[in-house]
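Q: One structure, as structure tokens, below. Some questions next.
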Amino acid sequence: MSVWCTYSSNMDAASLVDARQARGLALVKAQRAKIKPVGGSRWLVPSQTNPSGGYVVDADQNSCTCPDHEDRGVKCKHLWAIMILRAEVELPDGTMIVTEKRITYRQDWPAYNAAQTEERDRVQLLLKGLCDGIVQPPRSGRGRPPALLADVVYAATMKTYGLMSGRRSTCDIRACADDGLLSKAPAYNTLFKYAERAELAPLLKTLVHEAAAPLRAVETTFATDSTGFATNTYARWFDEKYGGEKKCQRWIKLHAQVGTFTNVIASAEATESNVGDPVMLKPLLDSSIERGFDVRELSADKAYLSNDNLVAIEAVHAVPYIPFKSNSKGTGRTDAWRRLWHMFEAQNDQFLAHYHKRSNVESTFSMVKRKFGPSVRAKTFPAQVNEVLLKCLCHNLSCLVHAIHELGIDPVFWQRLEVH
């Protein structure tokens, strides 16, 4: 240790810069295809030590999320890699010229086609990695041993992914068992019984959040909203005024916080239809933070406007983008309210540019419903909640497959990465 300290103190500062610059050049040469723009001046640079990790470089702010830059304040190899990639040249008078080509957002058709054609196979493998982290509950009593919980969750997810009933999904589930993706194919009646259990919902929410975790390196802006899934059950009552029975269709409400870049669902909650939107913002935000997401922006519609929500967003060092109602005033009781009012009134163009990202949550809900159905088959409320959460899990796995091809990530589940 003392030898290293002596050597470090005698090193020339320029040589340290040159060493990082050389490593940045080597990084560009080795992983040029994996360095991706993620919006504005931000870039995703892959980690050379962790295949599933990466760092976000902001070229305009001259910042990076890696420990070398944050702990020492130096220009790290990731910053050098982006400078080399953008061909930045410093003139003698200190002026910086960037010859970077204009970034366009055309579809990467080779990556998109590969993700589409390989999605089902990759979803099965990713789901296997998720289910490997499920701990089997201890057995109590005698009798026939229960099915493995990991097998039940795997089979239920693939049933939801295939948009078929439990009986018609049996062949696909048996094929997964033959491929070694689950220990034993559960019977369809077993899936029905487990789906009725309310205690399954917390596990499914954990899987939804864990499936989103590999994308925390690229997701820093989020949007929150809710949507409904129709059921085939009805609420009935006797109307005293008109002297007859009335009925209305029941539906399940999905509250979600979505990453606006990849459309991944970072946190989700399924409730009764009468649960209000504002009270769900903070639990969803807390779930995203707990999973390791760096929430820098959060947009939502007017329904989420409240002092408590604005304070909760700023408490995690994020900026809220929630529009004011027509009868709102700037004299709020919190500093968070007054700051947002000033931005909304004095810098409306800037506010709307950020708030526009909220449309991505609507796109996410559309993706889930078009791909995995806008309604649920289950009859009871616990089973309906579990089915909605399974749809969210299938969606996140699909997003991961596209991220593998388009961003070059290598998902690893059940690992707590250090958040900088």
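The values are calculated or read from the model by the stated rules, or taken from the named source; none is laboratory data. Quick caveat, the model's predicted, so the values are computed rather than measured. With ideal geometry, Cβ positions are generated from the backbone for all residues, glycine too; neighbour counts draw on all protein chains shown. For the accessible areas, the whole protein counts, side chains as well, though only heavy atoms, and no ligand, DNA or RNA atoms are used. Shrake-Rupley method; radii C 1.70, N 1.55, O 1.52, S 1.80 Å.
Q: Which residue, Ala22, Ala195, Ala217, has the most motion in a Gaussian network model of the chain that connects Cα atoms within less than 10 Å?
A: In the Gaussian network model the winner is Ala22.
Q: May I pose another question? So what is the 222 nm mean residue ellipticity for the chain from helices alone, if each DSSP H run of at least 4 adds -39500 (n - 2.57) and you divide by all residues, rounding to the nearest 500 deg cm²/dmol?
A: Taken over the chain, the calculation gives -14000 deg cm²/dmol.
Q: For the chain, what's the relative contact order in percent, using C-alpha pairs closer than 8 Å and at least 6 residues apart?
A: 18
Q: Using a 1.4 angstrom probe with every protein chain in place, what is the largest-first accessible-area order of His69, His317, His78?
A: His317, His69, His78
Q: How much of the pair distance distribution for segment 221-377 lies past 26 Å, counting alpha-carbon pairs only, in percent? Let's see the in-between values first.
A: Numbers: 4293 of 12246 pairs.
Percent of Cα pairs beyond 26 Å in segment 221-377: 35.
Q: Leaving out ligands, DNA and RNA, what percent of the accessible area of the chain is carbon and sulfur, probe 1.4 Å?
A: Roughly 53 percent of what the probe reaches on the chain is carbon or sulfur.
Q: Multiplying the sequence separation of Thr206 and Gln31 by 0.36 nm and subtracting their Cα-Cα distance, what value in nm do you get?
A: So the extension gain works out to 59.8 nm.
Q: Let me ask another. Residues in segment 174-201, backbone N under 16 Å from the label point at Arg168 (7 Å along the Cα-to-beta-carbon vector): list them, ranges by number please.
A: 188
Q: Then there's this: Counting only heavy atoms of protein chains, what accessible area per residue, in Å², does the chain have with a probe of 1.4 Å?
A: On the way: 21920 Å² over 420 residues.
Per residue, the chain has an accessible area of 52 Å².
Q: Also: For labels at Glu290 and Glu118 in the simple 7 Å Cα→Cβ model, what's the distance in nm?
A: The answer from the label model is 3.4 nm.
Q: With a 10 Å cut-off between alpha carbons and a GNM built on the chain, which of Cys399, Cys66, Cys171 moves the most?
A: Highest fluctuation among the options: Cys171.
Q: Once Lys and Arg get +1 and Asp and Glu get -1 on their Cβ, which of Ile409, Ser375, Gln350 lies farthest toward the positive end of the dipole of segment 305-420?
A: Going by the charge dipole, the pick is Ser375.
Q: For segment 119-248, what is the convex hull volume of the alpha-carbon atoms per residue, in Å³?
A: Value for segment 119-248: 191 Å³ per residue.
Q: Right, next: Would you kindly derive the ³J(HN,Hα) couplings of segment 158-174 from the backbone phi angles with the Karplus curve 6.51 cos²θ - 1.76 cosθ + 1.60 (θ = phi - 60°), listing them in order in whole Hz, with x for Gly and Pro?
A: Computed from phi, the couplings for segment 158-174 are 5, 5, 5, 5, x, 6, 10, 5, x, 5, 6, 7, 4, 4, 5, 5, 5 Hz.
Q: Name the most mobile residue of Thr224, Thr334, Thr233, meaning the one with the largest mean-square fluctuation, in a Gaussian network model of the chain with Cα contacts below 10 Å.
A: Comparing Thr224, Thr334, Thr233 in a Gaussian network model of the chain, the most mobile one is Thr334.
Q: Work out how far the C-alpha atoms of the chain reach from end to end along every principal axis, then list the three figures in whole Å, largest first.
A: 86, 61, 46
Q: Which of Val56, Asn396, Pro37 sits closest to the plus end of the dipole of the chain, meaning its Cα is farthest towards the positive end, when Lys and Arg get +1 and Asp and Glu get -1 on the C-beta?
A: Asn396
Q: Would you please report the Å³ per residue occupied by the convex hull of the alpha carbon atoms in segment 338-420?
A: Output value, Cα hull per residue: 210 Å³.
Q: Just to be sure I understand the model, the point goes 7 Å from the Cα along the line to the Cβ. What's the resulting Ala346 to Thr331 distance in nm?
A: Result for the modelled spin labels: 1.9 nm.
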